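Here's the structure, in structure tokens; my notes come after.
Derivation of every value follows stated rules applied to the coordinates shown; laboratory data play no part. What you see is a predicted model; the values in this text were computed from it and never measured. In this analysis, Cβ positions are derived from the backbone assuming ideal geometry, glycine residues included, and neighbour counts consider all displayed protein chains.
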Amino acid sequence: MKCGKFITLEGGEGVGKSTNLAFIKTHLEQHSIPVVVTREPGGTYLAEKIRNLLLDNESEKLTETAELLLMFAARSQHIKHVIEPALAAGNWVLCDRFTDASYAYQGGGRSMKASAIEWLEHFVQGALRPDLTLLLDAPVDVGIERARQRGQFDRFEMEQNTFFERVRRAYLLQMELNPERIKLIKANQPLGDVQRSIADALRVFLK
């Protein structure tokens with residue numbers, strides 16, 4: 001059986017990941033491709049428990065190291081119990097964030113060393129990497145204004161704009177370091193233009 005493709009969707013707050021995740025799922029299914037949609041942190045029972053710890057803004061303050069390790073603990077469960085089995089079964093996996101988010105949020109936002117994240121990436125993932133990453137990018141003030149319209153903020157969303165500026169720069173750096181895998185999608189365009197750009201990026205995998 002042919003192994004499936006692993007596609008990730010990345011970006012900061014308010015860039016339209018949920019809307020476009022649904023678009024990508026529908027687009028792939030229209031091409032008769034079986035899709036497993038999942039998210040990080042999360043995706044399994046235990047990983048969702050870890051997600052709740054990471055997003056809770058009323059509990060004990062997490063250290064930066066604890067935050068990074070919890071992200072990779074959840075990722076380990078997710079890879080073993082969801083991503084690898086789905087790919088092996090021939091399904092495509094569509095994931096709302098993956099390790100690029102650790103480089104952006106913990107590396108950029110928290111100013112943690114990229115070398116520590118890289119070590120954990122190799123230790124937890126082995127050779128597993130996305131086949132394609134779509135990076136939804138928009139100016140921070142645009143994304144934060146959209147996020148505010150959703151209501152109550154989680155622990156990350158409560159950060160200052162300077163945090164999200166560092167996150168955005170780190171995402172763009174990941175794109176520069178991985179130009180074959182990460183494709184930039186300008187998320188401050190009209191939705192139709194955004195989704196046409198996404199469909200163009202997916203086309204090479206649909207041949």
Notebook entry, point to check: Rounded if a/c is under 1.5, else prolate if a/b beats b/c, else oblate: with a ≥ b ≥ c from the C-alpha gyration tensor eigenvalues square-rooted, which is segment 38-150?
Noted result: rounded
Margin query: What percent of all Cα-Cα pairs in segment 98-172 falls into each 10 Å bin, going from 0 up to the bin containing the maximum distance?
Written below: 18, 45, 29, 9
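Please report Rg over Rh for the chain, where both radii come from the alpha carbon positions and Rh follows the Kirkwood definition.
Ratio of gyration radius to Kirkwood radius for the chain: 0.94.
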Margin query: Quick check: from the Cα gyration tensor, does segment 133-204 come out rounded (a/c under 1.5), prolate or oblate?
Written below: oblate
Note to self: With the cut-off at 1.5 for a/c, could you classify segment 1-64 from its C-alpha gyration tensor as rounded, prolate or oblate?
What the structure shows: prolate
Margin query: Taking the alpha-carbon distance from Lys61 and a cut-off under 17 Å, which aspartates and glutamates remain once sequence neighbours fewer than 8 residues away in the same chain are dropped?
Written below: Asp154, Glu157, Glu159
Checklist line | Violating pairs (Cα-Cα greater than 27 angstrom) within the set Lys80/Lys207; Lys2/Lys25; Lys2/Lys113 | finding: Lys80/Lys207; Lys2/Lys113
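For a protection proxy built on the mean count of beta-carbon atoms within 10 angstrom, sort 188-201, 108-121 highest first, please. Provide the component values of the computation, followed by the final result.
Values: 188-201: 14.5, 108-121: 16.6.
Per-residue mean Cβ counts within 10 Å order the peptides as 108-121, 188-201.
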Check: Using +1 on the beta carbon of Lys and Arg, -1 on that of Asp and Glu, and nothing else charged, what's the dipole of the chain about the Cα centre, debye to 20?
Finding: 520
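Only four residue types carry charge here, +1 at the Cβ of Lys and Arg and -1 at the Cβ of Asp and Glu. Report the dipole size of segment 109-160 about the Cα centre in Debye, rounded to the nearest 20. Working shown, then result.
Numbers: 7 positive and 9 negative charges, 27 e Å.
The dipole magnitude comes to about 120 debye.
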Next item on the list: Quote the relative contact order of the chain in percent (integer), defining contacts as alpha-carbon pairs under 8 Å separated by 6+ residues.
Entry: 33
Item checked: Given charges at beta-carbon only (K, R positive; D, E negative), |dipole| of segment 166-207 in Debye -> 100
